[in-house]
Amino acid sequence: MKLSREEVLHIATIYRLGLSEAEIEKAREQLSNILENFEVLKEVDTTDVPPTAQSVNLSNVMRDDVPRPSLNAEEILANAPNREEDFFKLRPVLE
């Protein structure tokens, strides 16, 4: 499916893109190629393929949550640029 110049300009307007003449032609060619690829995909027989939201099974790849000792306040604040007692000292966010 070949897109016209007007269709590309319409798409550019929707997405608020300012395109030069060369960019319009390049976008017309690229978008037309994408649509042609989808036309090829329409020919694939999917009658025995069940509908799915994922093409592959999802699985978590997270490690086990194992409790361990935490750092003490002195270790946590060791590299703090500003501190006041056992707290980080920050500039006021709201004055």
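To the nearest 20 debye, what charge dipole does the chain have about its Cα centre, counting +1 at the Cβ of each Lys and Arg and -1 at the Cβ of each Asp and Glu?
200
Please check: in the Gaussian network model of the chain (C-alpha springs, under 10 Å), which one of 19, 71, 35 has the largest mean-square fluctuation.
Comparing 19, 71, 35 in the GNM, the peak value goes to 71.
Which value at 222 nm does the chain reach when only helices count, each DSSP H run of 4 or more adding -39,500 (n - 2.57), with the total divided by all residues and rounded to the nearest 500 deg cm²/dmol?
Taking each H run of at least 4 residues, the total per residue is -12000 deg cm²/dmol.
For the chain, set up a Gaussian network in which alpha carbons nearer than 10 Å are linked by springs, and say which option among 43, 29, 75 fluctuates the most.
Highest fluctuation of the listed residues: 75.
Give me the distance between the Cα centres of the range 1-44 and the range 51-68, rounded to whole Å.
Using only Cα atoms, the two centres lie 37 Å from each other.
With a cut-off of 8 Å between alpha carbons and a minimum separation of six or more residues, what is the relative contact order of the chain in percent?
Value for the chain: 21 percent.
Quote to one decimal, in nm, the extra length available between residue 93 and residue 60 on full extension: 0.36 nm per residue of separation minus the C-alpha distance between them.
8.1 nm
Specify the residue with the greatest mean-square fluctuation among 80, 53, 27, computed from a Gaussian network of the chain linking alpha-carbon atoms under 10 Å apart.
80
Once you sort the root eigenvalues of the Cα gyration tensor of the chain as a ≥ b ≥ c, which label holds: rounded (a/c under 1.5), prolate (a/b larger than b/c) or oblate (the other case)?
oblate
Amide H of residue 83: which non-local residues (sequence gap of 5 or more, or other chain) have their own amide H closer than 5 Å, using H built in the peptide plane?
89
Laboratory data are not the source of any read-out in this text; all were calculated from the coordinates shown. Just so we're clear, the structure is a prediction, and the values are computed from it rather than from any experiment. Every residue, glycine among them, receives a Cβ derived from its backbone with ideal geometry; neighbour counts consider all protein chains shown.
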